[in-house]
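A quick write-up on the structure given underneath.
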Amino acid sequence: MYTVDLDGLNAQFAVAGHVSFRVGYGGLPVADIANIHATATISLHGAHVTAFQPHGQDPVLWLSDYCCWEAGKAIRGGIPVCWPWFAAHPADSGKPAHGFVRTAMWKVMATEALANGATQITFGFTESEATLALWPYAFRLEMVVTVGAVLQVELVAHNTGNKEFICGGALHSYFRVNDVTEIAVRGLEGCTYIDSLDLSHRKLQEEPVTISSETDRIYVDTTADCTIDDPGMGRRIRIVRKGSRSVVVWNPWKDKAARMEDFGDQEYLGMICVETANAADDVVMVPSMGEHRLQTVISVE
Ligand code: BG6
């Protein structure tokens, strides 16, 4: 359970017509954004965008009805921030999957109403005794979320220590779809992927990606835009990436969903993860005093 100074947050960072703070499920503090373009919700736990909805559109992100809203646990859905590693730790599977920042409390650093009517909110997270025990580097992260007609999310990793570090990560975006068996993910044709469900064999993606069973793939060495064509919802979601050379496509399908406590048994049909990532071969070296920016821009066409 977090102790939240809601009055302090609102006094310092609320912006009329743009941002306000409240206590959400499980006592986790959240920022609500409502402006002339869209609404969004971001949990301070994980600097985790849990909702984004441009006015006149359906919700863009998927969020489980069975989330564990708890300090120390990851929120299932929205955009978890995975850092400084993606999936299991490369050398120690006892460390938390997808790193340690998605399950920790971040600080609000700044809020701003932009001239075009969009809203920007910046969260910060730096190393502590707890993170140094898991990963022995000094760092400062900034998570800059800009909510307008499109959603822009940027994770800036500053290396504040005196030695270089290597990091992977993901803006692990869960999208809402009408029926995952009817969608097509385009933009990855011609790419190599690592099939996590087939002994990590490398395979070639020839056609647009379609889903008819459990899918867990890392597309490597690609900077292409991806789209999710969803005829059932009558929309195409576009994902534009910067500082990202991998795309992870994940759907747990029926059996895995049933094994996960925070995933409804049928919910796998209504979601797809298309993640802006740096995974497997695509990890990044950040020199001392250097930075790396991982950005995703999500729009609906
Ligand atoms: C995906 C991985 O990115 O995240 C999957 O490729 C994993 O292997 C999924 O199952 C969910 O991970 P978690 O840790 O949130 O349950």
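Every number in this text was worked out from the coordinates using simple rules, so none of it is lab data. Source: prediction; values computed, not measured. Neighbour counts run over all protein chains shown; Cβ positions are idealised from the backbone, glycine included.
Consider a paramagnetic label point 7 Å from the Cα of ASP5 along Cα→Cβ; state which residues of region 103-131 have an amide N under 14 Å from it.
The answer is 107-109, whose backbone nitrogens lie closer than 14 Å to the label point.
Taking a ≥ b ≥ c as the square roots of the eigenvalues of the Cα gyration tensor of region 96-209, is the shape rounded (a/c under 1.5), prolate (a/b larger than b/c) or oblate? Write down the numbers at each step before the final one.
Numbers: a/c = 2.42, a/b = 1.26, b/c = 1.92.
Judged from the Cα gyration tensor, region 96-209 comes out oblate (a/c at least 1.5, b/c at or above a/b).
Taking the simple approach of a point 7 Å from Cα along Cα-to-Cβ for both ALA71 and ARG235, what is their distance in nm?
If labels sit at ALA71 and ARG235, their model points lie 3.5 nm apart.
7 Å from Cα along Cα→Cβ at both ALA88 and GLU214: what's the point-to-point distance in nm?
1.4
Once you have the alpha carbon radius of gyration of region 151-276, what is it after dividing by 2.2 N^0.38 Å, with N set to its residue count? Intermediate values should be presented prior to the final figure.
Details: Rg = 15.6 Å, N = 126, 2.2 N^0.38 = 13.8 Å.
Output field value: 1.13.
What is the distance in Å between the Cα centroid of region 194-261 and that of region 19-47?
Their Cα centres are 28 Å away from one another.
Using the Cα atoms of the chain, I'd like the radius of gyration and the largest Cα-Cα distance, Dmax, both in angstrom.
Computed over the Cα atoms of the chain, radius of gyration and Dmax are 18.4, 54 Å.
What is the dipole size for the chain, taken about its Cα centre, with +1 at each Lys and Arg Cβ and -1 at each Asp and Glu Cβ, in debye to the nearest 20? Mind dumping the intermediate values first?
Values: 23 positive and 36 negative charges, 92 e Å.
Computed about the Cα centre, the dipole is about 440 debye.
Using R₀ = 45 Å, calculate the FRET efficiency as 1/(1 + (r/R₀)^6) where r is the Cβ-Cβ separation of SER288 and ASP225; round to 0.05.
0.85
Excluding residues on the same chain fewer than 8 positions from LYS163, give the aspartates and glutamates whose Cα lies under 19 Å from its Cα.
Qualifying aspartates and glutamates at Cα under 19 Å: GLU127, GLU129, GLU291.
Report the local net charge at ARG217: Lys and Arg +1, Asp and Glu -1, summed over other residues whose C-beta lies under 12 Å from its C-beta. Can you show the working numbers first?
Details: positive: ARG202, LYS203; negative: ASP195, ASP198, GLU214, ASP216, GLU275.
Result for the neighbourhood of ARG217: -3.
Need the full-extension length gain, ASP255 to THR39, defined as separation in residues times 0.36 nm minus the C-alpha distance. One decimal, nm. Present the calculation step by step, with values, prior to reporting the outcome.
Values: separation 216, 0.36 × 216 = 77.76 nm, distance 3.36 nm.
Gain in length upon complete extension: 74.4 nm.
What does the convex hull of the Cα atoms of region 1-129 come to per residue, in Å³, rounded to a whole number? Write out the running numbers ahead of the final one.
Numbers: hull volume 16.2 nm³, N = 129.
Convex hull volume per residue, Cα atoms: 125 Å³.
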